[in-house]
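The values are calculated or read from the model by the stated rules, or taken from the named source; none is laboratory data. From a predicted model like this one, the values you see are computed outputs, not experimental measurements. Here the Cβ is made from the backbone with ideal geometry for all residues, glycine too, and neighbour counts use every protein chain on show. SASA here: full protein model, heavy atoms, side chains in, ligands and nucleic acids out. Shrake-Rupley method; radii C 1.70, N 1.55, O 1.52, S 1.80 Å.
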Amino acid sequence: MRRIPLARLILGAALGGLLAASSARAADDTKLPKVEWSFSGPFGTYDLASAQRGFLIYQQVCSNCHSMNQLYYRNLEGIGLSEEQIKAIAASVQVPGGVDDNGQPIQRPGRPADHFRAPFPNDQAARAANGGALPPDQSVLELAREGGADYLYALMVGYSDPPADMKMQPGMMYNRFFPGHQIAMPQPLQDGSVQYTDGTKPTLEQEAKDVVTFLAWAAEPEMVERKQMGVKIILFLLLLTGLTYAVKRKLWSDVH
Amino acid sequence: MVGLHKSEFKNPLVRWIDTRLPVFTMMQNEYGSFPTPRNFNYFWNFGALAMVAMMIMIITGIFLAMNYVPNTALAFDSVERIMRDVNYGWLIRYVHMNGASMFFVVVYIHIFRGLYYGSYKTPRELLWMLGVVILLLMMMTAFMGYVLPWGQMSYWGATVITNLFSAFPIVGKSIVTWLWGGFSVDNPTLNRFFSLHYLLPFVIVAVVFLHVAALHITGSNNPLGIEPKGPQDTLPFHPYYTVKDSVGICVFLIVYAALVFFAPNFLGNPDNYIPANPMVTPAEIVPEWYLLPYYAILRSVPNKLGGVLMMFGSILVLFVLPWLDTSPVRSARFRPIFRQLVLLLVIDVIVLGDVGAHRPEGWWVVVGRLATTYYFLFFLVLLPVVGKLERPLKLPDSISKPVLGGGGPLPGGAPAKPMEKA
């Protein structure tokens, strides 16, 4: 019928508009490298070994400057750490423990129920220690950047010397994927920045992949459960739609 | 008239209630035997879908409000706590968040249906106007809801939108201060937005009730745009349209679930996962997708007050639509010129949405202005003029004639709905 091409045109325009709108803000002159993520796609799950290696990097590198305020040590069960491991990790840091009998603030070893310890007591202290720049909280960083995991990975591997004609602000590093290309964070990861205990070779690319897997898990710890539930619900709805449509056909059969 | 209602229900308990408060009779009359044109296509699902979307929003919203803290220092963290520590909090929030988008998709298609098939024409003017009131309330509710997580786009969106009122001469600044409850977007603003975000949905429910009540006075329009002439033209609402709406609801839920479970942040803005910071302005401040066309109209006018007036005008013009359209023929099927123009309007609004998502630079400005011009041209000039000049096709004698006639080609293909014949 004549209506179909028009309907298709409208649908096409609608989808085109939607896609254009969603990619509108991603327009930068540097295209993000495509990485194969364990957690992409409707059946994706987190590669827990990779996330654990990523946590090691977070512990040894990121957490020197970046907070992760939304996470508790107990959450680490989600990347497959055991209760004992979590207790040991929490106990390895000192956290504020209220006040003693004289009203003086005290520190105590962390417990699984504690938030990840922040490296700085407040934003001002963080800025003062980082040349005026504030290292962003990493809890939902993966959701808070256009490009998500791909962008964070690109940022880790995007450091280089600035082009000859580029004038750098004092204390700034060149990173071709950072908006404006001048970033206050020095290159955090190099080949061999950490020693992996599982025999994985700590290349820059491997480290970047691992830490981003960890950050993606931290931002959406519910993702695996969500996708698994989604598959079941969609299958159920497809069945229900089929049944409903069959009932509808039967009921309407005497009308036409 | 005082006196007990004469109930036709047999069940003693139902009968006892129904004689004193005839809600069962009402439901039977309005949703059971209610005579409904027999020739609806699937576009007539979208009213029911909007009702479902509204109920989902209210139910999820109530549970979110139990865990949300409307305080600038705690709001962002409380939302993250819902996502991480509240049992199935992530599900409730993602359903609510994407529900706003689904509600608008459905309502926009519902509005298109009304436009295309002339559902706004006499005697359904008031029904249409109530619908526009619902749209306005929805936009306000959605805007205030978007402020609640207190992310960067929440804060800056609130700042930009409330500042629009400062464009009005003399009283503008006072209005803005009054809206804010202070001298900038801050805790009092968040508190009142939360309060209103909880209130307005129930106002929407009330207006929806009026909308449906008015619908049940005039009866539904239909794809042919001619009134039913007798029982051969109608079907009882139940079971024919309850089951047909159910099919639509299932398909709606599939799309909805795909978004919620597999791409819950696809329609969101990453900046809203950064806590609000009054000292840092995001590179670009953009509203949610469903408000982009109005945003494009706002930015297409080089004068601030002019832009604000045009933006409000783009909605207000819908109130007088029944009197702008001078054609007595409702359905676009029988109006060849109007049909092309109204489909062009759909493309125009999508283009406006695209423009709204881009910086107003270079070609986007030109496209935005052209699209804005067509939007107003359509309503204010083309509709009145085309209604007078156009020669509509011959209308069928009745609904049942083309439906039951079978065989030969009919205007617009009313009987050849593939989904019903397949």
Mind checking which lysines have their C-alpha under 16 Å from B:LYS173, skipping anything on the same chain fewer than 8 residues away? B:LYS304
How large, in percent, is the carbon and sulfur part of the accessible surface of chain A at a probe radius of 1.4 Å? 58 percent
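Which shape class, rounded, prolate or oblate, goes with segment A:35-220 when its Cα gyration tensor gives a ≥ b ≥ c as root eigenvalues, a/c under 1.5 marks rounded, and past that a/b bigger than b/c marks prolate? Mind showing how you got there, number by number?
Values: a/c = 2.06, a/b = 1.24, b/c = 1.66.
Verdict is oblate for segment A:35-220.
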Rounded to 0.05, the calculated FRET efficiency for the beta carbons of B:VAL385 and B:LEU316 at R₀ = 25 Å is 0.75
Compute a Gaussian network model of chain A, connecting alpha carbons closer than 10 Å, and tell me which residue from A:MET156, A:MET172, A:MET229 fluctuates the most. A:MET229
Dipole-positive endmost among A:MET223, A:ASN102, B:VAL355 within the protein assembly as shown (Cβ charges, Cα centre): B:VAL355
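Kindly identify chain B as rounded, prolate or oblate by the Cα gyration tensor criterion: order the square roots of the eigenvalues as a ≥ b ≥ c, call it rounded if a/c is under 1.5, otherwise compare a/b with b/c, prolate if a/b is larger, else oblate. Before the final figure, lay out the partial values.
Values: a/c = 1.95, a/b = 1.31, b/c = 1.48.
Judged from the Cα gyration tensor, chain B comes out oblate (a/c at least 1.5, b/c at or above a/b).
Which value, in debye to the nearest 20, describes the size of the charge dipole of the protein assembly as shown about its Cα centre when Lys and Arg Cβ atoms bear +1, Asp and Glu Cβ atoms bear -1, and nothing else is charged?
Details: 53 positive and 47 negative charges, 634 e Å.
In total the dipole reaches around 3040 debye.
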At a Förster radius of 35 Å, what calculated FRET efficiency corresponds to the Cβ-Cβ distance of A:VAL95 and B:MET139, to the nearest 0.05? 0.15
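Summed for both chains, how many Å² of accessible area, to the nearest 100, are buried between B and A with a 1.4 Å probe? Could you put the intermediate results ahead of the total?
Numbers: alone 21530 and 16570 Å², together 33210 Å².
Approximately 4900 Å², summed over both chains.
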I'd like to know which of A:ALA208, A:GLN190, A:LEU238 lies farthest towards the positive end of the charge dipole of segment A:184-241, counting +1 on Cβ of Lys and Arg and -1 on Cβ of Asp and Glu. A:LEU238
Using only protein heavy atoms and a 1.4 Å probe, report how much of A:PHE120 is accessible, in Å² to the nearest 10. 50 Å²
How large, in percent, is the carbon and sulfur part of the accessible surface of segment B:291-394 at a probe radius of 1.4 Å? 73 percent
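Rank these by accessible area, largest first, 1.4 Å probe: A:LEU143, B:LEU377. Intermediate results must be reported in sequence, preceding the final value.
Working: A:LEU143 25, B:LEU377 70 Å².
Solvent-accessible surface, decreasing: B:LEU377, A:LEU143.
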Could you state the angle between the C-alpha long axis of helix B:304-319 and the longest principal axis of the C-alpha atoms of chain B, as a value from 0 to 90 degrees rounded to the nearest 10? 20 degrees
Report, by chain and number, residues whose modeled amide H sits under 5 Å from the one on B:GLY151, excluding near sequence neighbours (fewer than 5 apart, same chain). B:ALA276
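Is there a quick way to get the dipole size of segment B:21-133? I mean about its Cα centre, with the Cβ of Lys and Arg at +1 and of Asp and Glu at -1; what is the value in debye to the nearest 20? Provide the component values of the computation, followed by the final result.
On the way: 7 positive and 5 negative charges, 65 e Å.
The calculation lands at about 320 debye.
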Nitroxide proxy distance, nm - points 7 Å out along Cα→Cβ at A:SER253 and B:VAL255: 3.0 nm
A:LYS250: which lysines have alpha carbons under 19 Å from its alpha carbon, excluding same-chain residues fewer than 8 sequence positions away? B:LYS244, B:LYS417, B:LYS421
Would you mind classifying segment B:5-122 by shape? Square roots of the alpha carbon gyration tensor eigenvalues, ordered a ≥ b ≥ c; an a/c under 1.5 is rounded, otherwise it is prolate if a/b is larger than b/c and oblate if not. oblate
Heavy-atom accessible area per residue of segment A:31-174, all protein chains kept, 1.4 Å probe, expressed in Å², is 55 Å²
Compute the distance in nm between two label points, each set 7 Å from the Cα along the Cα-to-Cβ direction, one at B:THR281 and one at B:MET55. 4.6 nm
Compute, for B:PHE143, the solvent-accessible surface of its heavy atoms (probe 1.4 Å) with the complete set of protein chains present, and express it in square angstrom to the nearest 10. 40 Å²
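For an R0 of 51 angstrom, estimate the FRET efficiency from the Cβ-Cβ distance between A:ARG127 and B:LEU370 and round to the nearest 0.05. Can you show the working numbers first?
Numbers: r = 47 Å, r/R0 = 0.92.
Using R0 = 51 Å, I get an efficiency of 0.65.
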What figure in square angstrom, to the nearest 10, would you give for the accessible area of B:MET140 with a 1.4 Å probe? 90 Å²
Residues of type aspartates and glutamates that B:LYS6 reaches as a straight line, Cα spacing below 13 Å, ignoring anything fewer than 8 places off in the same chain: B:ASP18
Would you list B:THR72, A:THR241 from the most to the least accessible area, probe 1.4 Å? B:THR72, A:THR241
Run the numbers for A:GLN195 and A:ARG74: contour at 0.36 nm per residue of separation, minus the present Cα-Cα distance, in nm. 41.1 nm
